[in-house]
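Structure record follows, encoded as structure tokens.
The values are calculated or read from the model by the stated rules, or taken from the named source; none is laboratory data. Just so it is clear, the model here is predicted, and its values are computed rather than measured. Here Cβ is always computed from backbone atoms with ideal geometry, including for glycine, and neighbour counts include all displayed protein chains. SASA here: full protein model, heavy atoms, side chains in, ligands and nucleic acids out. Shrake-Rupley method; radii C 1.70, N 1.55, O 1.52, S 1.80 Å.
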Amino acid sequence: MPSSATTLSVPDLANIQSLARDDMGAVDALIRRRLASDVVLINQVAEYIVGAGGKRLRPMLLLLAAGALGHRGPQAHQLAAVIEFIHTATLLHDDVVDESDLRRGRKTANAVWGNAASVLVGDFLYSRSFQLMVELEQLEVMKILADTTNRIAEGEVLQLLHVRNPDTDEPAYLRVIERKTAVLFAAATRLGALLAGSDAAVQQRLHDYGMALGYAFQIADDVLDYASDAQTLGKNLGDDLAEGKATLPLIHAIAHSDEAVRARLRAAVEHGDSDAMPEVLAAIHATDGLDYSRRRAQDYADAAEAALDGLDDNDYVAALRGLARYAVSRDH
């Protein structure tokens, strides 16, 4: 694998993925080996959601961060699998809490097998991830991941508290993103630096990169819920509104609309009224809510790139920079 500066100057996800392809192949093989259980339903549900694919962004982040600092190998593969197991467990639990029936363009596991099976298989994946991390016998790794999973659980509860809450403001919205999304990105990149034997300052840089990237990625995702279409997005457009979630475009619209419009927007959030989508979209456009949200996402993407300043330039660092740009330029 070349180590000199590369041509990854545009956010082409396929080019970035190609850099980690061999390592990701090893991670996928490990995931499937360690998913195995003598309980058939666990195999069916876990394979269904893991086999759905997706970008595998979080495990790839760990591999790219490690590679940026000169580390590749089995330990990185194992920790990347841990990150994916944790993420997959959160997806299973999220879909139950949100009562979602579509993810990545196909039925959610809870829509196929029911809520109980989804929650319990999510618990299996969480516990399997801890088995994998313990095998590495590195206390700092276990501390980072234990803290991370605890923060994710806090984020789930925090988000629940804001469901159908029209008083959710931008700081509260960002606190949910920090715990639900950004902390796992940050754990992935910090662990990559830790495996590479980097000092505390470099580990912090990679942590800061992951946190900022997580914010950028989620805000951009929330913009797409009001600016894409179901086929491209892989879920029902307007799901956030139907679930009573006030994300940044709508939060901005509520804050900058006149009293009459604000009252209608608040009612739409309180009742999870997807039929109000045309009126909500009109208010978001009238207040430039999408452009504002895109700017906020771009601010975080810029901060992610800035966190990499000072690292030796190589293909992996270029790929991390490319992911920051990709996060805010994608259409799904």
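Values computed for the structure shown
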{"quantity": "Global form of the chain, assessed from the alpha-carbon gyration tensor, a/c cut-off 1.5", "calculated": "oblate"}
{"quantity": "Full-extension gain in nm, residue 313 to residue 40, via 0.36 nm per residue minus C-alpha separation", "calculated": "93.6 nm"}
{"quantity": "Residues with amide H under 5 Å from that of residue 103, placed H, sequence gap 5 or more", "calculated": "108"}
{"quantity": "Prolate/oblate/rounded label for the range 195-332 (Cα gyration tensor, a/c 1.5)", "calculated": "prolate"}
{"quantity": "Peptides 105-113, 267-275, 215-223 ordered by average Cβ neighbours within 10 Å, highest first", "calculated": "215-223, 105-113, 267-275"}
{"quantity": "Ranked order, 243, 47, 99 - accessible area, probe 1.4 Å, largest first", "calculated": "99, 47, 243"}
{"quantity": "Of 257, 329, 272, farthest towards positive along the dipole that unit charges on Lys, Arg, Asp, Glu beta carbons give the chain", "calculated": "329"}
{"quantity": "Table column - 3J(HN,Hα) (Hz), the range 136-153, Karplus curve with 6.51, -1.76, 1.60, x for Gly and Pro", "calculated": "6, 6, 10, 4, 5, 4, 5, 5, 4, 6, 5, 4, 5, 5, 5, 5, 4, 4"}
{"quantity": "Extension gain (nm, one decimal) between residue 154 and residue 279, 0.36 nm per residue minus Cα-Cα", "calculated": "41.7 nm"}
{"quantity": "Förster radius 22 Å - calculated FRET efficiency between residue 139 and residue 18 (Cβ-Cβ, nearest 0.05)", "calculated": "0.05"}
{"quantity": "Furthest towards positive pole of dipole, 320, 211, 300, structure part the range 175-332, Cβ charges", "calculated": "211"}
{"quantity": "For the chain, accessible area per residue (1.4 Å probe, heavy atoms of protein chains only), Å²", "calculated": "42 Å²"}
{"quantity": "Surrounding net charge for residue 16, when Lys and Arg each add one and Asp and Glu each subtract one, Cβ distance under 13 Å", "calculated": "+3"}
{"quantity": "Contour minus Cα-Cα distance for residue 262 and residue 99 (0.36 nm per residue)", "calculated": "56.0 nm"}
{"quantity": "Nearest-20 debye value, the range 161-201 charge dipole, Cβ charges on Lys, Arg, Asp, Glu", "calculated": "200 debye"}
{"quantity": "Student exercise, the range 13-329 dipole from Lys, Arg, Asp, Glu Cβ charges, in Debye to nearest 20", "calculated": "740 debye"}
{"quantity": "The chain: relative contact order as a whole-number percent, Cα under 8 Å and 6+ apart", "calculated": "24 percent"}
{"quantity": "Percent carbon-and-sulfur accessible area, the range 13-329, ignoring ligands, DNA and RNA, probe 1.4 Å", "calculated": "51 percent"}
{"quantity": "Per-residue ³J(HN,Hα) for the range 305-310, Karplus 6.51 cos²θ - 1.76 cosθ + 1.60, θ = phi - 60°, Hz, x for Gly and Pro", "calculated": "4, 4, 5, 8, 4, x"}
{"quantity": "133, 211, ranked by accessible area, largest first (probe 1.4 Å)", "calculated": "211, 133"}
